[in-house]
There are 2 protein chains.
Amino acid sequence: MARTTDARSRMISSAIDLLRERGVNGVTVDAVLASSGAPRGSVYHHFPGGRSQLVLEAAESSAELMTTMIRSYADVDATTALQDFVALWKDVLVRSDFRAGCPVAALVNETSTDLSGSVDLAGQTFSTWVELLATTFADDRRTRAEAEDLALTVVATVEGAITMCRAQRSVRPLDVAVAQLTGLL
Amino acid sequence: MARTTDARSRMISSAIDLLRERGVNGVTVDAVLASSGAPRGSVYHHFPGGRSQLVLEAAESSAELMTTMIRSYADVDATTALQDFVALWKDVLVRSDFRAGCPVAALVNETSTDLSGSVDLAGQTFSTWVELLATTFADDRRTRAEAEDLALTVVATVEGAITMCRAQRSVRPLDVAVAQLTGLL
DNA sequence: GTCTATACGAAGATAGAC
DNA sequence: GTCTATCTTCGTATAGAC
């Protein structure tokens, strides 16, 4: 029955939104239920591990979404990939009125003992993004190692710029940063 | 009596550490008391506004600490300023075994309704840092506007790299990023 | 100024009916 | 699978003694 998995995926989707906007601690069971409309009685049916499982699955799911996007840049040139990557984040920021950020960064900034593994997940996710971007950046103008350093810098700068954009409620930091990064490509 | 303000400043100091390591929600009254050794009975004496006041004052205080450091770079050259700025953050990371990050970024990643003003504080703090760094970067080789764009990029990249360093428990992201940024100077 | 005790609310989790 | 209690824990805040 497709309906049963429906509630589950809606809960994950709501958890991702909450993770983006309010951080790990903002992903409460009540908030997920309210925002997803899922039946209260089925939370621990779908997530026997409770809130921890819900948060971790939401983080994994959102990380994979972004990973898939980055993977799709494999065949475009470096500048286009950078601009697409940034455009994606600008969309997240603007559509949420600067309330939403990166769910992976949220895992790092808010450490709690009951969510061990969340930091590792963030670390691995960043590695994956860097590897994939490096593949896109690699060409005859630079070595693989140079492409990786460049990719790491792009991820770092974009992540930091997202935080600044949220704080200042403006896309300017991201716009300025991408212009500077383009100079490095 | 210097002793009376002692408990207060110790509480602020503990709150800053907690803000760095566990985020806004990690700054609980109990944790601050445990870590500062301050007497329980005097929390609401020193902070009538309760936890919210404690968190905001801690954030302001830590932001000012970093602002003071950046201001001291006014007379050095751009490359030295960048390296000192990064060295400062590496110290925070390594000494905490990668558990601590930027308290200002923590304000942004974890939004809660009872702490309105925290996002604005973060936005203003980032602006201040960019302005000060831009003053250091400004010289005869570039305009003030160019210096500001450069400074904004430095802050963004360093902030993002800090997040990546914490996630991967390594200073490598910061090292790589600063090498790339040096190319922009 | 600082103590202990306690009220209050929020949130996670479980139990048992349907 | 989903419902409605209910239990428990935790964290903020207050009260009143010292």
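The values are calculated or read from the model by the stated rules, or taken from the named source; none is laboratory data. Note that this is a predicted model, so its numbers are computed, not measured. FYI the Cβ positions are ideal-geometry reconstructions off the backbone, even for glycines, and counts take in every protein chain you see.
Couple of notes before you dig in:
- Count - residues of the range A:79-114 that are within 14 Å of chain B (Cβ to nearest Cβ) and farther than 17 Å from A:GLY160 by Cα: 6
- Looking only at the range A:161-177, and only at residues there that are surrounded by fewer than 24 Cβ atoms within 10 Å (Cβ to Cβ) and hydrophobic (A, V, I, L, M, F, W, C), the one that is farthest from the other protein chains (Cβ to nearest Cβ): A:VAL171
- Residues in the range A:25-42 that are more than 10 Å from DNA strand D (Cβ to nearest atom) and within 16 Å of A:ARG8 (Cβ to Cβ): A:VAL27, A:VAL29, A:VAL32, A:SER35, A:SER36.
- Complete set of residues in the range A:37-56 that are near DNA strand C (Cβ under 9 Å from one of its atoms), farther than 19 Å from A:SER112 by Cα and of a type in the set (A, V, I, L, M): A:VAL43
- Taken over the range B:88-105, the criterion of being under 20 Å from B:VAL154 (Cβ atoms) and not aromatic (Phe, Trp, Tyr) is satisfied by B:LEU88, B:LYS90, B:ASP91, B:VAL92, B:LEU93, B:GLY101, B:CYS102, B:PRO103, B:VAL104, B:ALA105.
- Scope the range B:1-54; condition within 14 Å of another protein chain (Cβ to nearest Cβ), crowded, with 19+ Cβ neighbours inside 10 Å and outside any helix (DSSP H, G or I); matching residues: B:GLY23, B:VAL27
- Condition check for B:ASP91: at pLDDT 95 or above and surrounded by fewer than 20 Cβ atoms within 10 Å (Cβ to Cβ): yes
- Pairs, first facing chain A (nearest Cβ under 9 Å) in the range B:138-154, second surrounded by 19 or more Cβ atoms within 10 Å (Cβ to Cβ) and among the small types (Gly, Ala, Ser), C-beta under 6 Å, six or more apart: B:GLU148/B:ALA134; B:THR153/A:ALA177
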